[in-house]
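Before anything else, here's the structure in question.
The values are calculated or read from the model by the stated rules, or taken from the named source; none is laboratory data. Keep in mind it's a predicted model, so treat the numbers as computed, not measured. Ideal geometry is used to build each Cβ from the backbone, glycine not excepted, and the neighbour counts take in all protein chains shown. Just the protein is used for accessible areas: all its heavy atoms, side chains included, with ligands, DNA and RNA removed. Shrake-Rupley method; radii C 1.70, N 1.55, O 1.52, S 1.80 Å.
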Amino acid sequence: AISSLGDLAATEKHNNHDYTELDVSRMQSNINLELRHLNQHYEISSDGELVKVEGQLDLERNVRQIYDKEFSAAIAEFNKKQEETGHPERRIVSYIDKISHDKQQEVAVEGLLQIGSLEDWEGKTISDRQAAGSILIRMLEETLAELNRGDGRFVLAGASLHLNEGTPHIHYVG
């Protein structure tokens, strides 16, 4: 769970691997910054397709856009009722900011899909990792379809494929 906008910023920093060598050594991580160029980021296009994006993900912008799209009508209705009942102080200016400060709510969620263990990937080539990346993208597409079956509703804010860590994996946030 991503509880606040601060947590979302930390998630974005990791998913973008926006680190220096010193950061990585302090984390005692198996991130190889020299292979960071192998990583890929994805968003959902306007027609609902998973598309690769150039550069880094802006998860906060994407999550804010999702909140605006999903909740703007309900917030407008809520605010109108507050005005009509004489309680303009109860109006919600930004729903995501309200949720971010509520200890019982979560701003977003993150999932992880991974292939194998650290031991499985010892000595594997970059080509092996890239092949696993293609499989992970298909797994993500299937996972998103499953999350949206029936009454389910999951709106993807972004996904990051990491091929420069111990195991190939993909983080997805929605």
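Any idea of Val109's accessible area? Nearest 10 Å², probe 1.4 Å.
60 Å²
Okay, moving on. For segment 116-131, take each phi angle, set θ = phi - 60°, evaluate the Karplus expression 6.51 cos²θ - 1.76 cosθ + 1.60, and give the result in whole Hz per residue in order, putting x for glycine and proline.
Taking θ as phi minus 60°, the curve returns x, 10, 4, 4, 4, 9, 4, x, 6, 8, 4, 4, 4, 5, 5, 5 Hz for segment 116-131.
Based on C-alpha coordinates, I'd like the Rg and Dmax of segment 7-114, in Å.
Rg, Dmax (Cα atoms, Å): 18.6, 59.
Name the long-range amide H neighbours of His169: under 5 Å, sequence gap of 5 or more, or other chain; modelled H, no Pro or chain starts.
The answer is His162.
Let me ask something else about it. Which of Leu118, Gln130, Ile75 sits farthest toward the positive end of the charge dipole of segment 52-166, with +1 on the Cβ of Lys and Arg and -1 on the Cβ of Asp and Glu?
Of the listed residues, the answer is Ile75.
Hey, another quick one. Could you list which residues have their amide H under 5 Å from that of Val53, counting only those 5 or more apart in sequence or on another chain, with H placed in the peptide plane?
For Val53, the qualifying residues are His41, Tyr42, Glu43.
Check cross-link reach from Lys13 to the lysines: straight Cα distance under 29 Å, and skip same-chain residues fewer than eight apart.
In chain and number order, the partners are Lys52, Lys69, Lys98, Lys103, Lys124.
Counting each DSSP H run of 4 or more residues in the chain as -39500 (n - 2.57), what helix-only mean residue ellipticity at 222 nm follows after dividing by all residues, to the nearest 500 deg cm²/dmol? Show your work: numbers first, answer last.
Working: 6 runs with 76 residues, N = 174.
The helix contribution divided over the chain gives -14000 deg cm²/dmol.
On average, how much accessible surface per residue is there in segment 1-133, in Å², for a 1.4 Å probe, leaving out ligands, DNA and RNA? The partial results should precede the final answer.
Details: 8730 Å² over 133 residues.
With the other protein chains kept in place, segment 1-133 gives 66 Å² per residue.
Just the number, please: carbon plus sulfur as a percent of the accessible area of segment 1-42, 1.4 Å probe, no ligands or DNA/RNA counted.
Numbers: 1060 of 2340 Å².
Taking all protein chains in place, segment 1-42 shows 45 percent carbon and sulfur surface.
Rounded to whole Hz and in sequence order, give me ³J(HN,Hα) for segment 27-39 from the Karplus expression 6.51 cos²θ - 1.76 cosθ + 1.60, θ = phi - 60°, writing x for Gly and Pro.
Values per residue, Gly and Pro as x: 7, 6, 9, 9, 6, 10, 5, 5, 9, 4, 4, 6, 5 Hz.
For segment 4-66, run through the GluC sites (Glu not before Pro) and keep only the ones in DSSP coil with at most 12 other Cβ atoms within 10 Å of their Cβ. Can you show the working numbers first?
Numbers: sites: Glu12, Glu21, Glu34, Glu43, Glu49, Glu54, Glu60; in loops: Glu49, Glu54.
Answer by residue number: Glu49, Glu54.
Right, here's the next one. Spelling out what I want: for every residue of segment 10-19, take phi, set θ = phi - 60°, compute 6.51 cos²θ - 1.76 cosθ + 1.60 (Karplus), and round to whole Hz; glycine and proline get x.
Along segment 10-19, the couplings run 5, 5, 4, 4, 5, 4, 7, 6, 7, 10 Hz.
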